[in-house]
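The values are calculated or read from the model by the stated rules, or taken from the named source; none is laboratory data. All values derive from a computational prediction rather than experimental measurement. Here the Cβ positions follow ideal geometry from the backbone for every residue, glycine too, while neighbour counts run over all protein chains shown. Heads up: the accessible areas ignore ligands, DNA and RNA and are worked out on the full protein's heavy atoms, side chains in. Shrake-Rupley method; radii C 1.70, N 1.55, O 1.52, S 1.80 Å.
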Amino acid sequence: MPNFLTVESSQQLPPLTVGQKFKIVTRSSFDPFQFAWYAAISGISQATNSEPGYGQGWGAYGVRYAAAMGDGLIEAYMVGAVFPSALKQDPRYYELGHGSFIHRTAYALSRLAITRSDAGNTQFNASEIIGSAVAAGISTYSYHPHEDKTLANTGKVWGTQVGYDGIAVVLKEFWPDLRRKFHDKKHAKDQS
């Protein structure tokens, strides 16, 4: 899982430049994990017949895959580069790294609404909330099936994107712990 925008310490880092924000989003958006992720999302969409205007069959699956990738790319750039650059917000996730599971999960989910400015101040995460809404509108009204170009479907796409981002920040919070655990197991196995 690409994890290029996670900071594993709470230290204040220098702000990312506009170019760095776009480079990091590009790097993470085209990581091999993302292609498998879009394949899984497309399969679920196909199985549940989400947005029936796409139809069924392999051709429809391919169109769903392209739409899922388009949705993901637009959202990633809006949330991680365009809006953070315009609003001078830091798109990085700063791991809490201590406390109970519930406390850390609540902290991670709160980052959907709270972020740091480039100057290090805490502020409303307009890049996430507004950026993902704009991305949902762009994708829904650009290439989704005609009958799905509705405000309700835009809201559904937006909610899904924020939901996926919620899952991602929780994974980012606990990924260093999981990585250390698996590394320690592998290291112990190699020693025996």
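The helices (runs of 4 or more DSSP H) found entirely in region 4-105 that carry 3 or more residues being open to solvent by 30 Å² or more (accessible area, probe 1.4 Å) and under 19 Å from G131 (Cα atoms) are 18-29, 58-77, 83-87.
Residues considered: L112, L178. Of these, the only one that is without any contact (Cβ under 8 Å) to a residue 60 or more places away in the chain, among the hydrophobic types (A, V, I, L, M, F, W, C) and in contact with an Asp or Glu (Cβ under 6 Å, 6 or more places away or on another chain) is L112. Taking the criterion of being open to solvent by less than 20 Å² (accessible area, probe 1.4 Å) and either modelled with pLDDT under 95 or more than 15 Å from the chain's Cα centre (by Cα) (or both), the only residue of region 116-127 that qualifies is S117. Can you run down the residue pairs with Cβ atoms below 9 Å, 6 or more apart or on separate chains, where the first is in region 119-135 and in a strand (DSSP E or B) and the partner is open to solvent by 10 Å² or more (accessible area, probe 1.4 Å) and among the charged types (D, E, K, R)? Between residues of region 119-135 that are in a strand (DSSP E or B) and residues that are open to solvent by 10 Å² or more (accessible area, probe 1.4 Å) and among the charged types (D, E, K, R), the close pairs are T122/R116; Q123/R116. Quick check on region 1-49: of everything there that is in contact with a Phe, Trp or Tyr (Cβ under 8 Å, 6 or more places away or on another chain) and among the aliphatic types (A, V, I, L, M), which residue is modelled with the lowest pLDDT? Applying the filter and picking the extreme gives M1. In region 57-77, the residues that are under 11 Å from S42 (Cα atoms) and among the polar types (S, T, N, Q) form no Cβ pair under 6 Å with any partner that is modelled with pLDDT of 95 or more and part of a helix (DSSP H, G or I), whether six or more places apart or across chains.
Residues of region 26-69 that are under 22 Å from H146 (Cβ atoms) and under 13 Å from the mean Cα position of the chain (by Cα): A68, M69.
Apart from one condition, G57 fits all of (1) over 22 Å from V162 (Cβ atoms); (2) in contact with a Phe, Trp or Tyr (Cβ under 8 Å, 6 or more places away or on another chain); the exception is (2).
When you look at I130, is it open to solvent by 20 Å² or more (accessible area, probe 1.4 Å) and over 12 Å from the mean Cα position of the chain (by Cα), yes or no? Yes; evaluated as a whole, the condition is true for this residue.
When restricted to residues that are in a strand (DSSP E or B) and buried (at least 21 other Cβ atoms within 10 Å of the Cβ), region 106-115 contains 1.
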